[in-house]
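These notes are about the structure you will find just below.
The values are calculated or read from the model by the stated rules, or taken from the named source; none is laboratory data. Since this is a predicted model, take the numbers as computed values, not measurements. Here the Cβ positions follow ideal geometry from the backbone for every residue, glycine too, while neighbour counts run over all protein chains shown.
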Amino acid sequence: MSRKRKRRNRKIWYLLAVALLCVAAFGYKTVRLYRLRKETEAQIAERVYTQAESSVLFQSATVEYDGKTYRRNTHVKAILCMGVDRKGTMEGTTIPTMGGQADGIFVIAQDTARNTLKILMVPRDSMTEITMTDLSGNVLGKDIQHLTLAYAYGDGREKSCELTMEAVSNLLCGLDIDHYIAANIEVINILNDSVGGVTVTVPSAGMEKKDAAFIEGATVTLHGEQAEAFVRYRDIEETHSAIFRMSRQQEYIMQFFGIVKGQAARNSTIVTDMLGLIEQHMVTDMGKEEYLKVALDALEMESLAEEDFYVVPGQAVMTEVYDEFHVNQEALMPIILKLFYREVS
């Protein structure tokens, strides 16, 4: 065999070896991706299964927990409150995906007998079963998605609220939600300026990226668009920033109600006046006298303090694409029982 032919054969074998290595590497990567996909599908299936079990816990007349029996307290109303990332009025409907998302989600526990309120804060990125629709509003099915998206699949008004109410009920172990109130982001600045501004303490670092006055520990009186910035700003480059801003939202709510309570002592119509300012920017299934009572009950309280706030417990998880919040149903159970149920003998 000639030297030239030997070199050619060695080159062929070399190319074949490289090709085989490439095939092996591709095969390994394909198998790995397949396994990862199967593991992900299994995790989703497990999450769906777990939630399917827990989403009906509060559907029965009584609930057994930790050796005790509980029944829904009929005096306590569960009112879903949504802050929608949308501007303008909310008088007209929209096609799905165009009505905004529920950027802030809270459930008020209104004790109508004691005239008190408790607030359960729900992370917007909580993963739960939601109903999805096409652009015509036709239901496509259900899937585990971010809670904030439930509102977007509706009409920007009643349908969006109903879809979010359904999703929140699923998330809260089947708790029946009595009413809903949705308001858009313009409401923040309108109400803030109607009381002459709200003074807050900046609770965390990083806010100065949005406003030079927002230095950690600084006391700032918010005016105009500062109010929305303080309540809503989050650094999208930071993971789980939507959860971290909840402390600011709590700070703002407490300070705002403190100011309103003080002014109400001098102006008996302040609550009705404020509600009149925002009617075009909100959607609710409550009558005016009903949501007026919610506001008046808040004013009847001595104060709205940290102990009046609860946060849905769980774990913040960073995926390859999005932040997710996985609710701890076991830890959530006693909170729901405390807020909305009473022990029976």
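Table for the structure above
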| read-out | value |
| --- | --- |
| Verdict on Thr269 being polar (S, T, N, Q), surrounded by fewer than 18 Cβ atoms within 10 Å (Cβ to Cβ) and at pLDDT below 90 | no |
| Unique match (being buried (at least 19 other Cβ atoms within 10 Å of the Cβ) and more than 24 Å from the chain's Cα centre (by Cα)) among Val294, Val200, Val260, Val220 | Val260 |
| Sole residue being in contact with a strand residue (DSSP E or B) (Cβ under 9 Å, 6 or more places away or on another chain), outside any loop (DSSP other than H, G, I, E, B) and under 27 Å from His75 (Cβ atoms), chosen from Leu163, Leu117 | Leu117 |
| Members of the range 60-97 found to be within 18 Å of Ala150 (Cα to Cα), over 18 Å from the mean Cα position of the chain (by Cα) and not polar (S, T, N, Q), listed by number | Met90, Ile95, Pro96 |
| Answer from Thr148, Thr133 - the residue that is over 17 Å from the mean Cα position of the chain (by Cα) and crowded, with 19+ Cβ neighbours inside 10 Å | Thr133 |
| Any hit, the range 318-328, residues being touching a Leu at 6+ places or on another chain (Cβ under 9 Å), closer than 24 Å to Asn170 by Cα and either of a type in the set (Ser, Thr, Tyr) or surrounded by 13 or more Cβ atoms within 10 Å (Cβ to Cβ) (or both) | yes |
| Residue within the range 301-317 that is loosely packed, with under 13 Cβ neighbours inside 10 Å and farther than 30 Å from Arg234 by Cα present | yes |
| All positions within the range 308-345 that are among the hydrophobic types (A, V, I, L, M, F, W, C), in contact with a Lys or Arg (Cβ under 6 Å, 6 or more places away or on another chain) and part of a helix (DSSP H, G or I) | Leu339 |
